1. Could we say that N53 is more than 14 Å from ligand 1 (Cβ to nearest atom), without any contact (Cβ under 8 Å) to a residue 60 or more places away in the chain and either in contact with a His (Cβ under 8 Å, 6 or more places away or on another chain) or closer than 15 Å to G127 by Cβ (or both) here?
2. Is it the case that region 59-67 has a residue that's within 14 Å of ligand 1 (Cβ to nearest atom) and buried (at least 22 other Cβ atoms within 10 Å of the Cβ)?
3. Run down D27, D35, D71 and say which single residue is among the charged types (D, E, K, R), away from ligand 1 (no atom under 14 Å from the Cβ), open to solvent by 30 Å² or more (accessible area, probe 1.4 Å) and not in a helix (DSSP H, G or I).
4. Go through the residues of region 4-26 one by one and say whether even a single one is within 16 Å of ligand 2 (Cβ to nearest atom) and among the charged types (D, E, K, R).
5. Need a quick list: strands (runs of 3 or more DSSP E) entirely within region 115-207 having at least 1 residues that are touching a residue at least 60 places away in the same chain (Cβ under 8 Å) and of a type in the set (S, T, N, Q).
6. Among the residues of region 143-184, which ones are of a type in the set (D, E, K, R) and open to solvent by less than 20 Å² (accessible area, probe 1.4 Å)?
7. Kindly indicate the residue of region 74-85 that is under 14 Å from N124 (Cα atoms) and surrounded by fewer than 17 Cβ atoms within 10 Å (Cβ to Cβ) and also farthest from ligand 1 (Cβ to nearest atom) among those meeting that condition.
8. Could you please find all residues in region 74-99 being closer than 22 Å to K28 by Cβ, more than 15 Å from ligand 2 (Cβ to nearest atom) and in a loop (DSSP other than H, G, I, E, B)?
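The values are calculated or read from the model by the stated rules, or taken from the named source; none is laboratory data. All of these numbers come straight from a predicted model, not from anything done at the bench. For neighbour counting, all protein chains shown are included, and Cβ atoms are generated from backbone atoms with ideal geometry for every residue, glycine included. Ligands, DNA and RNA are stripped out before the accessible areas are found, and what is left, the full protein with its side chains, is counted by its heavy atoms. Shrake-Rupley method; radii C 1.70, N 1.55, O 1.52, S 1.80 Å.
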Amino acid sequence: MKTKALIIVDVQNDFLPGGALAVKDGDKIIPIINDLQKEFDFIVATQDWHPSNHGSFADNHEGKEIGEFIDLNGINQILWPVHCVQGSFGAEFHKDLKRDNWKAIFQKGSNPLVDSYSGFFDNNKQGDTGLSDYLKTQGIKEVFICGLATDYCVKFTVFDAVAEGFKTFLISDATKAVNIHPNDYDIALEQMKDIGAAIIHSGSVHK
Ligand code: VGL
Ligand code: ZN
């Protein structure tokens, strides 16, 4: 019985060097994630998938700049460059990322009124991608999380995985951070550890 799942978060062109919201050295984790996939029989991925009128895009707010905060329907929202627009090249998974053994892809961020960092729920916890029920229905008890970006979508996916009752592992060398502040990666790891996730290295993951 397969009880372990690998969750690959948002390894999409816009989060990789040259992309609209590029994560420094984001491409370095692709070979690591490809190797990791050999250790799992159960793999799912998430995909940031925004309509062009998404409320998290600075361009959609007159006079606002990238990095500024606004109130977006009651939630404090940092403004991002336009990224991962549905159907665009930037929203596609990187061409070198192996995807032949994926069971399913969970798209998020489609509601223009709320951002969705976690692969499970919107930032207001109202929208549900169905990932939690899917994993539970399949008998998954442990989730191993990697991808982009450590300090946003990976962190909130880890938070929700723990809250949903999964034994949760963050694979620290298979994730990279946006690092708006230089130590955001380290802070994110501390926060994930504090809520009960285990921080591990890809070398310690075996079938
Ligand atoms: C992400 C910012 C905005 C991520 C997605 O995948 O970490 N970050 N949208
Ligand atoms: Zn996004």
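1. Details: more than 14 Å from ligand 1 (Cβ to nearest atom): yes; without any contact (Cβ under 8 Å) to a residue 60 or more places away in the chain: yes; either in contact with a His (Cβ under 8 Å, 6 or more places away or on another chain) or closer than 15 Å to G127 by Cβ (or both): no.
No; evaluated as a whole, the condition is false for this residue.
2. Among the residues of region 59-67, not one is within 14 Å of ligand 1 (Cβ to nearest atom) and buried (at least 22 other Cβ atoms within 10 Å of the Cβ), which makes the answer no.
3. Numbers: D27 fails: not in a helix (DSSP H, G or I); D35 fails: not in a helix (DSSP H, G or I).
Of D27, D35, D71, the one residue that is among the charged types (D, E, K, R), away from ligand 1 (no atom under 14 Å from the Cβ), open to solvent by 30 Å² or more (accessible area, probe 1.4 Å) and not in a helix (DSSP H, G or I) is D71.
4. Checked against the condition, which is being within 16 Å of ligand 2 (Cβ to nearest atom) and among the charged types (D, E, K, R), region 4-26 yields at least one hit.
5. On the way: elements: 142-148, 167-176, 198-200.
Where strands (runs of 3 or more DSSP E) fall fully within region 115-207 and carry at least 1 residues being touching a residue at least 60 places away in the same chain (Cβ under 8 Å) and of a type in the set (S, T, N, Q), they are 167-176.
6. The answer is D151, D160.
7. First, the residues of region 74-85 that are under 14 Å from N124 (Cα atoms): 74-77.
Of the ones still in play, those that are also surrounded by fewer than 17 Cβ atoms within 10 Å (Cβ to Cβ) are 74-76.
Numbers: G74: 19, I75: 14, N76: 14 Å.
Across region 74-85, the extreme among qualifying residues is G74.
8. Of everything in region 74-99, those that are closer than 22 Å to K28 by Cβ, more than 15 Å from ligand 2 (Cβ to nearest atom) and in a loop (DSSP other than H, G, I, E, B) turn out to be H94, K95, D96, L97, K98, R99.
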